[in-house]
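Reviewing the structure listed below.
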Amino acid sequence: MKTNSILISEKRKVFKLNTSSQKVEWDISFEHKIAGISRVNEYVFISTVNNWGKYHTSLLKFNSGKLLWTIDKILYYIHVLEETIIYIDRTKEVVCLLLNSGEEKFRVKMDFKWYESPKMALIENNIYLFSIKSTKVLNLNTGSLSEAKLPANINPKELTFILDEFQIEINTLPSGDAGDAMLYGIGAGNDGGGFNAGDAGGGGDAGGGGE
């Protein structure tokens, strides 16, 4: 989706600027300071933080600026598939949200060993979670994880970096508490932005958190 518009974030406001006409197409203000912003095709994820360090994630429509919902969660490794959002929670669970309402459809524990640092990738329209020792595939209907192998003879033991179908750089999940970890690994599709994932095995791709 080619566009002449860009998103600009100020301390507590985000606006869409048409670079051709130099006109603001929409703007939206937030009660708390904006900590991160990223776009996945027609959706914009905004993370905000209050004075006590509590984070939230809001979802907006890129074209209209319409606010769809706000939740008090951090979303890591976001993928937007049809009418759902798949992400990894700080609890090391894979969570599925309904795109238009933010309502939770299911969550499932990744169930890897404590010493493993699982990665999540979209390959051939399947969500895979994998480490050096094991690979699992997510059933988007039931929310269950089952043992699997990466397609196309991909060897997880030899992987250093890959870009999945959402152009997320797959390294490891960021560790530590939110703040500077906002929006890691958000799927960018062909149009969006997104931040690379940092170190570690525990949690967090987009949004806000104090749980």
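Values quoted throughout were computed directly from the atomic coordinates according to the rules given, and no laboratory measurement underlies them. Keep in mind that what you see is a predicted model, and the values were worked out from it rather than measured. Glycine gets a Cβ as well: all are built from the backbone with ideal geometry, and neighbour counts include every protein chain shown.
What the Kirkwood sum gives for the range 54-109 is a hydrodynamic radius of 11.6 Å, with every pair of different alpha carbons counted. Simple spin-label estimate for Ser64 and Ile154 gives 3.5 nm between the two label positions (7 Å along the Cα-to-Cβ direction from each Cα). For the range 9-124, the alpha-carbon coordinates run over 53, 39, 23 Å along the three principal axes, in decreasing order.
Between the listed residues Phe15, Asn41, Val94, the Cα displaced farthest toward the positive end of the dipole of the range 1-143, a dipole computed from Cβ unit charges relative to the Cα centre, is found at Phe15. Considering all different alpha carbon pairs of the range 4-54, the Kirkwood hydrodynamic radius works out to 11.7 Å.
Counting beta carbons within 10 Å around each of Glu103, Glu25 and listing the fewest first gives the order Glu103, Glu25.
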